[in-house]
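Data first, discussion second: the structure below is written as structure tokens.
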Amino acid sequence: MTRTDTKQAGSVAELIKQRRTVRLFKSDAVSAELLTELLNVAVWAPNHGHREPWRFILFQGEGRAKLAQAMVQTYSAEDREKHGNKKMEYFMQVPAHLVIVMQEDPRQKVWDEDYAAVCSLIQNFQLAAWEQGLGVVWKTNNYGYDPKFRNAIGMQPGEKIVGVLHVGYPEVIPPARPRTSAEERLTIVEHT
């Protein structure tokens, strides 16, 4: 394939620019088959040494309650009283929750490479989902570090939650927000 063969209408560049973070979803279910298909696209992320340092935990249907309860149990009694029911309701309204898990390596360089690979996988997933009409929000909340939450959702020792993805068909698609141009952040070194 030549470079000119890869440049087509509906390009990756346009898909990247059009994707939005979606927080409000329709109630329509998202099938496990579609999510698996999207994950099978996402796993083509670059990863050093072909380590593929990821695994996935999907909560949908009534399984969403398990995730929601695990999250709410990390709250203080006061916060559970104030926000618990609202958070439970929100988690049950989102059609699917996908926890993206990374096996942690004690060697810093390998850990950094693996984390970068898993983040690339998440971006691939978001783009593939957007192409199929699905919205995603990538969450990295404090509950992901709480041992009670981790145990409740089946995390293993030596694993890190890189993100909890809320996935569904968008109820509202937010407008694009401006980005700082690369030129404003680019340093070019041309001489020694």
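Filtering the stretch 168-179 down to residues that are open to solvent by less than 60 Å² (accessible area, probe 1.4 Å) and modelled with pLDDT of 95 or more, which residue is nearest to HIS97 (Cα to Cα)?
GLY168
One line per residue, one yes/no per condition, for (1) in contact with a Leu (Cβ under 7 Å, 6 or more places away or on another chain); (2) in contact (Cβ under 8 Å) with a residue 12 or more places away in the chain; (3) farther than 14 Å from LEU98 by Cα:
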site: ALA117; (1), (2), (3): no, yes, yes
site: PHE125; (1), (2), (3): yes, yes, no
site: GLU131; (1), (2), (3): yes, yes, yes
site: MET155; (1), (2), (3): no, yes, no
site: ILE161; (1), (2), (3): no, yes, no
site: HIS166; (1), (2), (3): no, yes, no
site: SER181; (1), (2), (3): no, no, yes
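Does the stretch 120-143 contain at least one residue that is assigned to a helix (DSSP H, G or I) and loosely packed, with under 14 Cβ neighbours inside 10 Å?
Yes, the stretch 120-143 contains a residue that is assigned to a helix (DSSP H, G or I) and loosely packed, with under 14 Cβ neighbours inside 10 Å.
Tally time: how many residues in the stretch 133-153 are charged (D, E, K, R), free of Cβ contacts under 8 Å to residues at least 40 places away in the same chain and over 24 Å from GLN108 (Cβ atoms)?
Total satisfying the criteria: 1.
Could you tell me how many of the residues in the stretch 144-167 are farther than 19 Å from LYS87 by Cα and open to solvent by less than 60 Å² (accessible area, probe 1.4 Å)?
7
Of everything in the stretch 89-115, what is without any contact (Cβ under 8 Å) to a residue 24 or more places away in the chain and either open to solvent by less than 50 Å² (accessible area, probe 1.4 Å) or closer than 20 Å to GLU159 by Cβ (or both)? Give them in sequence order.
Result: PRO106, ARG107, GLN108, LYS109, TRP111, ASP112.
Could you list, in sequence order, all residues of the stretch 36-68 that are β-branched (Val, Ile, Thr) and surrounded by fewer than 13 Cβ atoms within 10 Å (Cβ to Cβ)?
Within the stretch 36-68, THR36 is the sole residue that qualifies.
When you go through VAL99, VAL72 one by one, which is the residue that is over 20 Å from PHE25 (Cα atoms) and hydrophobic (A, V, I, L, M, F, W, C)?
The match here is VAL72.
Go through (1) open to solvent by 30 Å² or more (accessible area, probe 1.4 Å); (2) over 15 Å from TYR115 (Cβ atoms) and name the single condition VAL72 misses.
(1)
Please determine, by comparing only the residues of the stretch 144-189 that are small (Gly, Ala, Ser) and in a strand (DSSP E or B), which one is farthest from the chain's Cα centre (by Cα).
Among residues in the stretch 144-189 that are small (Gly, Ala, Ser) and in a strand (DSSP E or B), the one farthest from the chain's Cα centre (by Cα) is GLY168.
The values are calculated or read from the model by the stated rules, or taken from the named source; none is laboratory data. Please read these numbers as outputs of a predicted model, since none were measured by experiment. So basically every Cβ, Gly included, is an ideal-geometry build from the backbone, and we count neighbours across all protein chains shown. The accessibility values were calculated without ligands, DNA or RNA, using every heavy atom of the protein model including side chains. Shrake-Rupley method; radii C 1.70, N 1.55, O 1.52, S 1.80 Å.
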